[in-house]
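To start, the structure under review is shown below, and the notes come after it.
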Amino acid sequence: MSIFESIKMAFSSLFAHKLRSILTMLGIIIGVGSVIAVVAIGQGGEAVLKSMFSGEANTIELMYMPSDEEIEADPSILYEDAFTQTDIDMIESIPEIEKVVSSSTESTNVRYQQESTESMVIGINQAYIDVHGLEIAHGRNLVAADFLGGSRAAIVSEEMKDELFEDGEEKDASELLGTVVYMNNQPIEIVGILEAEDNFFGLSMNSAYIPMNTWQTVFADTAITEVSIKANSADELEIAGEKAAAMLNTFHEKDDAYQILNMEEIADGIGKITRIMTIIISSIAGVSLLVGGIGVMNIMLVSVTERTREIGVRMSLGATRGQILFQFLVEAMTLTLIGGLIGMALGSGTALLVSHFAGWQPLVSLPVIVGGILFSMLIGVVFGLLPANKASRLDPIESLRYE
Amino acid sequence: MIELHNIVKSYLVAGEDLVVLKDIHLTIEQGEFVAIMGPSGSGKSTLMNIIGCLDKPTSGEYHLQKKLVSDYNEKELAGVRNQSIGFVFQQFQLLPRLTALQNVELPMIYAGIGKKERIERAEDALDKVGLKDRMNHLPNELSGGQKQRVAIARSIVNEPSIILADEPTGALDTKTGEQIMDMFTLLNKEGTTVILVTHEAEVASYAERTVFVRDGELTSADEVVGHEALEKLRTKHDSAEQNNERGNFVNLEDVFEETETDDGTKGEEEATH
Ligand SMILES: Nc1ncnc2c1ncn2[C@@H]1O[C@H](COP(=O)(O)OP(=O)(O)OP(=O)(O)O)[C@@H](O)[C@H]1O
Ligand SMILES: [Mg+2]
């Protein structure tokens, strides 16, 4: 008897009890489906988190983080400006560095006529736009002239626009361009409106971008809070960062206050978290698979009892005990394999759906799929063995007489 | 050729040996048509199952085609059941979810025959029992007689040398029973050994030879029933065949009553039951 015959036989007997077969598969479907979904979503999410921390567009962040000793030696160190324009100009001279992105953020009140809102006002330099590429929906982006002249121009987020202008009858966004709003009581003209972001995490923020010079004037503050660098190539990023940190430490006579954000550590940390999550959810899925497997065993035992006569007939027609064992084993395997495939489809579908809405790369990898298929077949073998063995040991005469 | 020597079959029931077959000697040549008769519980089915290699005797020797059956292992026994023996049961024993054709295919599946040849041969076998037009029917769409014909087609499809039928007409009405018996007669004429178990003398009368199981022992039916009575039945059956119209099956008890009037001692023996 060929394996093809056995599989056909298995299908026909599973098909004869459709509802029962599907209910039995449910445990396997849920188990396999959740493993696939969790692993795929987990890996996709991990990739996104890592990319978020390692910065977009291959940038590395410089940080001003005085050590405890330094603070103890001179507490005023905390109140020093983290970065100044001088620092930026200085590290820009490092050969490996292509661009230095700098920005300063202040939370402040933004007012338009009677409406006002609390918002993040971010001062940025030209490189910021070059690297992060702010998407403009209406109006124009900030251009070189704005940065050089320190013009009082702002591009604002969709949210800020809604907060400030939503009361009036629905205005066309482009009509708002040129409107003057007050940020920290200083008049600023809206020249552009950002594209609404539909990020899984961000609900994009109520924020406005203005040139760094303007920001420094508006807030009467020369501090630059965030500096990140873009190297000529990704390989040089680490070196460029270290050189920049060393240069700043020397210049400011600090030991180690200027540092680069250690990406590897963060990536490891994220990896650890997602791994733990994966293990936890996989254990739950494992329990579901175990319960599913026991369900398969139970139904197969019922099936063997129900088909006692059939087994007797088959033996009288020349089926060997091995063939009977094989038939039931294949049936159990077919049951779990179909369950596994359905679970895989549902799990992948869920992963794709979540990834789609979260806006990250779906990661349903081949090893996971192959592993899932093999594993669900293994469950069939493991939990089908007992019933199949029972079937093969039946006495043909007793079986033929079974009512 | 079937040769049984000193066959004993006993079951352990409640700690005691229940001897079902005491000491069976039986030789059946290739091509014979043998009926096994006897009262209920006398061990007819047990004997059939031993002959069919479904059951093993407690002791004794069984030679099938000159080979000692007890030497066969499990797999070889399955092979013998598949190749050399065709079973026909009282309750038909068709698999309910398979069509007539698929039921007839079963023995060939276990013989490892390919799909195409299987279908061809199954169709031929069904044609032989006159059911080719019903081959895609499920068993519950067939009458009792049709089911038994499918079962016969299934039993002959691997061209076995022996057909074993345990009360093949037991669940059928007289008329249908006759059709089935005609079929066995035909198969026997083609050279197949046919062994059948029956309660009914009318059915047994189709056979060339009848053996009688009583209290686990074997006697020639001729001795028990009386040669004359059996001859009488045979003639009756032959003449009926000529007229193409048969009377009711004669009950075994009636045969005994007849013999009783002939010979009082036989009647006494029967009275002990
Ligand atoms: N597995 C078993 N365990 C114990 N006793 C059994 C077993 N199988 C059969 N027997 C006994 O063996 C005896 C013979 O049974 P068998 O089925 O061969 O009778 P039979 O001649 O075919 O009867 P019937 O004409 O009613 O079919 C019976 O008394 C039965 O109770
Ligand atoms: Mg019987």
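The values are calculated or read from the model by the stated rules, or taken from the named source; none is laboratory data. Not measured: the values here are computed from a predicted model. We place every Cβ from the backbone using ideal geometry, glycine too, and count neighbours over all the protein chains shown. Accessible surface areas use protein heavy atoms only, side chains included; no ligands, DNA or RNA. Shrake-Rupley method; radii C 1.70, N 1.55, O 1.52, S 1.80 Å.
For the peptides B:66-74, A:243-251, the ranking by packing is A:243-251, B:66-74, with the highest mean count of neighbouring Cβ atoms within 10 Å listed first. Global dimensions of the protein assembly as shown from alpha-carbon coordinates: Rg and Dmax equal 45.3, 140 Å. Note on A:Lys272: lysines with a C-alpha under 25 Å away, same-chain residues under 8 apart excluded, are A:Lys50.
Given a Förster distance of 35 Å, report the FRET efficiency between A:Asp130 and A:Val370 from their Cβ-Cβ distance, rounded to the nearest 0.05. About 0.20, to the nearest 0.05. Highest mobility in the GNM of chain A, judged by mean-square fluctuation with C-alpha springs under 10 Å and restricted to A:Asp68, A:Asp268, A:Asp221, is found for A:Asp68.
Filter A:Lys390/B:Lys75; B:Lys67/B:Lys128; B:Lys9/B:Lys44 down to the pairs with a C-alpha to C-alpha distance above 23 Å, please. Beyond 23 Å: B:Lys67/B:Lys128.
Placing dummy labels 7 Å off each Cα toward the beta-carbon, the span from A:Arg275 to A:Asp74 is 4.2 nm. The spacing between the range A:91-151 and the range B:1-76, judged by their C-alpha centroids, is 100 Å. Between chain B and chain A, the total buried accessible area stands at approximately 2100 Å², from heavy atoms with a 1.4 Å probe. With the simple model of a label 7 Å out from the Cα in the direction of the Cβ, A:Thr250 to A:Leu378 spans 5.7 nm. Across the range A:301-403, the convex hull enclosing all Cα atoms gives 93 Å³ per residue.
For chain A, what are the DSSP H helices with axial Cα length of 27 Å or more and mean Kyte-Doolittle hydropathy of at least -0.5? Answer set is A:18-53, A:263-306, A:321-358, A:366-392.
Using only the C-alpha atoms, the convex hull of the range A:98-153 corresponds to 106 Å³ per residue.
The lysine pair tally for the range A:66-256, using Cα distances under 26 Å and a gap of 8 or more places or different chains, is 7. The mean sequence distance of close C-alpha pairs (under 8 Å, at least 6 residues apart), as a share of the length of chain A, puts its relative contact order at 29 percent. Within the range A:66-256, all pairs of alpha-carbon atoms sorted by distance into 10 Å bins from zero give the percentages 9, 32, 31, 20, 8, 1.
When restricted to Cα atoms, chain A yields an Rg and a Dmax of 32.8, 101 Å, respectively. Judged by the mean number of other Cβ atoms found within 10 Å, the most tightly packed of the peptides B:200-206, B:158-164 leads the ranking B:200-206, B:158-164.
Per residue, the protein assembly as shown exposes 48 Å² of accessible surface when a 1.4 Å probe is rolled over the protein heavy atoms with every protein chain present.
PRE reach from A:Thr225 (point 7 Å along Cα→Cβ): which of the range A:102-145 fall under 11 Å by backbone N? Correct set: A:103-108, A:120-123. With a 10 Å cut-off around each Cβ of A:317-327, the average count of Cβ atoms from other chains is 6.
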